[in-house]
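Below: the structure, in structure tokens.
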Amino acid sequence: MRVEPQSTSAYDVLVGSGVASRLSDYVGEGVRKIFVITQDNVPRVEVPLEVENTQRFVPDGESAKTLDVVGELLGEMSSFGLGRGDLVLAIGGGVVSDLAGFVASIYLRGVRYMTVSSTLLGQIDAAIGGKTGVNLPTGKNLVGSFWHPSSVFCDTSLLNSLSEREFKSGLGEMVKYEFLGASGLTLDALDESIAKCVAIKADFVKEDEREGGRRALLNYGHTFGHALESLGIAGAIDRITHGEAVAKGIRFAAHLAHRLGRITDRELDHHYQVLSEFSLDISIPEKVTIEDVMPYIARDKKNRGSITFVLAQSDGEPSVMRGISEGDLHCALKSLHQYL
Ligand code: GLY
């Protein structure tokens, strides 16, 4: 006998200014109630909801992504009488879509959710692909599920309300797509650039929904980046945003790939050119050592018992490389600080 669950259905991602106004077209038949999850710092979105709804504001920033908040939301969804055919609506950035997607995935063993993504980082990455989850004290996104939204609204008019730092954080994530098949990403045609990133992500997710292979490449720059981000949270260095960490992580990964003979001098220089086109701060504090980052690198989810990075290579797209030595990490960090 075989059990053959149906695969997840496809869903639309709308990109453009004002697309959130089309939300009610996507609510779907039979929805009686909508449980909206958002944050105070998210711009107010005029969402035409023609069915009974309630809004829940969760704490700002990553502090919303805890199992305590999950427990509270589940209790409130139940008290509100949200049923199997009803809907969770996430309005916000990656924190909100990760959290709302997770509660939607476990409430009544799974209800539909839609996302109005309000940040650049969310629109090009977090809101798409069905990775949901919350943090544990031991690390980010350690509890979660794969649960796809039923539609995503990347309303680019919402990006105007982002602080410069938040916007730049999105650019740090966007830049990785330049190494994953996108070309000509530019702020001058931002909507088109966002759409290009969404298309690339959709392609990766279609091929490898559960990150058994190619989807891991979307973590380009994230291994060293996550370690720096975690050092910031631990107070060992100044706090940095996720996208800032990814840009710095791409810089490190380029030096590691170069050290391992996977890319040429010109390709290393090309990494710097791309990072500078987006005017990203790629400085890495001199005081950060490999010993500082190793505990985080060792806990990385890609890591199966040996040091693992997504690394560029001359002939083709980046690939996952396992079995990297600590000595190579030391050499990469040294060459990074010496690079002129
Ligand atoms: N953010 C990487 C992924 O969704 O796979």
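The values are calculated or read from the model by the stated rules, or taken from the named source; none is laboratory data. Because the structure is predicted, anything quoted here is derived from the model rather than measured. Cβ atoms come from the backbone with ideal geometry, glycine included; neighbour counts cover every protein chain shown. Side chains included, ligands, DNA and RNA excluded: accessible areas come from the protein's heavy atoms. Shrake-Rupley method; radii C 1.70, N 1.55, O 1.52, S 1.80 Å.
Numerical summary
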quantity	calculated
From S79, S118, residue being open to solvent by 10 Å² or more (accessible area, probe 1.4 Å), away from the ligand (no atom under 16 Å from the Cβ) and modelled with pLDDT of 95 or more	S79
Qualifying residue in the range 42-65 (condition: under 18 Å from the mean Cα position of the chain (by Cα) and at pLDDT 95 or above)	yes
Failed item, numbered, when N141 is tested on (1) within 24 Å of D40 (Cα to Cα); (2) away from the ligand (no atom under 15 Å from the Cβ); (3) in contact with a Lys or Arg (Cβ under 8 Å, 6 or more places away or on another chain); (4) open to solvent by 10 Å² or more (accessible area, probe 1.4 Å)	(2)
The range 209-235: number of residues that are open to solvent by 50 Å² or more (accessible area, probe 1.4 Å) and either in contact with a helix residue (DSSP H, G or I) (Cβ under 8 Å, 6 or more places away or on another chain) or in a helix (DSSP H, G or I) (or both)	4
One residue from D188, D203 being away from the ligand (no atom under 14 Å from the Cβ), open to solvent by 60 Å² or more (accessible area, probe 1.4 Å) and charged (D, E, K, R)	D188
Unmet criterion (only one of (1) surrounded by fewer than 19 Cβ atoms within 10 Å (Cβ to Cβ); (2) within 16 Å of the ligand (Cβ to nearest atom); (3) over 19 Å from K201 (Cα atoms)) for N135	(1)
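Conditions (1) without any contact (Cβ under 8 Å) to a residue 24 or more places away in the chain; (2) basic (K, R), marked per residue:
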| residue | (1), (2) |
| --- | --- |
| F224 | no, no |
| I240 | yes, no |
| A254 | no, no |
| R262 | no, yes |
| E267 | no, no |
| I284 | no, no |
| E291 | yes, no |
| V310 | no, no |
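Residue by residue, here is whether (1) assigned to a loop (DSSP other than H, G, I, E, B); (2) within 16 Å of the ligand (Cβ to nearest atom) holds:
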site: Q55; (1), (2): no, no
site: V70; (1), (2): no, no
site: G83; (1), (2): yes, no
site: A104; (1), (2): no, no
site: M114; (1), (2): no, no
site: G129; (1), (2): yes, yes
site: S145; (1), (2): no, yes
site: H148; (1), (2): yes, yes
site: F153; (1), (2): no, no
